[in-house]
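Here is the structure we will look at.
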Amino acid sequence: MPNTTRDFVPPAGELACSRSGTPRAADGSASNSRVLQIMLTSIHGRQTRVTFPRWTLEQVGRSSTFVRAVLILAPLICGCSGPSSDKGEADQHVMTFDSSSARFVSHGDTVRLSLELAVGPEQRTMGLMERHHLPENAGMLFLYDSTQPPDAGYWMFRTRIPLDIAYLDSAGVVRAIREMKPCESMLAQGCPSYPPNVPYRYALEVNSGFFSRHRITIGSVAILPRPTAEASSRR
């Protein structure tokens, strides 16, 4: 999942834990009380109400102290810090994704891959978080409407299975591959990022070892279906 913490500036309102470890703001009206009520919601629906001293909306939206406090408290309060004790519950998809397929051409061989498409910002943030299983020839394709910078890496906060990620250009050519391990940190800031160090347009996450087993390397080409490319350009 993309590392988005650095871009977070929360307004007052409802917050929820996301795959990036960043509380996600939602629309909400402010009250005139002397305290600020914030509802932290885990991806499994568990909610905890937290009370902060009432600041002005402008102060809340721009205060770095408030940002740091929520980033630290959110995983602990709303139960986003550890794996679920119920594997069946953890494997339930909390967000729906469109599906498609792709073909990799490498060393004269063709490898087919079933894909889930992460097109919107919320889908990209969720990604494969809290999955305990990914079928062998399956993966998730993250689509962007513009080229992403070389330092825009992905991380593994609250991701339970080891993954490989390929960063592809607009033509589907693999420009970088990284091996990513599950992060055991309770806080998002404790998880390393895996930047490609090259510009990219798509990111593809698959099971660990998939690329090496199928001899997919830098320079291999992913043939993406036309609807996939068109969906990216419409975002």
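The values are calculated or read from the model by the stated rules, or taken from the named source; none is laboratory data. As the structure is a computational prediction, the values presented were derived from the model and not from experiment. Positions of Cβ are generated from backbone atoms using ideal geometry, with glycine treated the same way; all protein chains shown enter the neighbour counts.
Scanning segment 196-221 for residues being in contact with a Phe, Trp or Tyr (Cβ under 9 Å, 6 or more places away or on another chain) and buried (at least 18 other Cβ atoms within 10 Å of the Cβ) gives a total of 11. For segment 78-114, a residue qualifies if it is modelled with pLDDT of 90 or more and loosely packed, with under 10 Cβ neighbours inside 10 Å, and exactly one does: T96.
Here L134 does not qualify as crowded, with 17+ Cβ neighbours inside 10 Å and touching a Ser or Thr at 6+ places or on another chain (Cβ under 9 Å).
Of everything in segment 167-184 that's aliphatic (A, V, I, L, M) and touching a Pro at 6+ places or on another chain (Cβ under 9 Å), which residue is farthest from T217 (Cα to Cα)? Can you show your working first?
Applying the first criterion (aliphatic (A, V, I, L, M)) to segment 167-184 yields 168, 171, 173-174, 176-177, 180.
From what is left, the residues that are touching a Pro at 6+ places or on another chain (Cβ under 9 Å) are 176-177, 180.
Details: A176: 8, I177: 7, M180: 16 Å.
For segment 167-184, the residue satisfying everything is M180.
Taking each residue of segment 142-163 that is part of a loop (DSSP other than H, G, I, E, B) and looking for partners that are among the polar types (S, T, N, Q) and surrounded by fewer than 21 Cβ atoms within 10 Å (Cβ to Cβ) with beta-carbon atoms closer than 7 Å, six or more apart or interchain, yields P150/N197; G153/S193; P162/S208.
If you check L187, L168 for being buried (at least 19 other Cβ atoms within 10 Å of the Cβ) and in the same structural domain as R131 (by TED's automatic domain parsing), only one passes: L168. Number of residues in segment 130-146 that are at pLDDT below 95 and among the hydrophobic types (A, V, I, L, M, F, W, C) equals 0. Starting from residues that are small (G, A, S) and closer than 15 Å to P195 by Cβ, keep the ones in segment 137-165 and report whichever is surrounded by the fewest Cβ atoms within 10 Å (Cβ to Cβ). Per the stated criteria, the residue is A152.
When S232 is tested against the conditions (1) surrounded by fewer than 16 Cβ atoms within 10 Å (Cβ to Cβ); (2) in contact with a strand residue (DSSP E or B) (Cβ under 6 Å, 6 or more places away or on another chain); (3) modelled with pLDDT under 95, the lone failure is (1).
Filtered by the rule that a residue be of a type in the set (A, V, I, L, M, F, W, C) and either assigned to a loop (DSSP other than H, G, I, E, B) or within 28 Å of L224 (Cα to Cα) (or both), segment 171-190 gives A171, V173, V174, A176, I177, M180, M186, L187.
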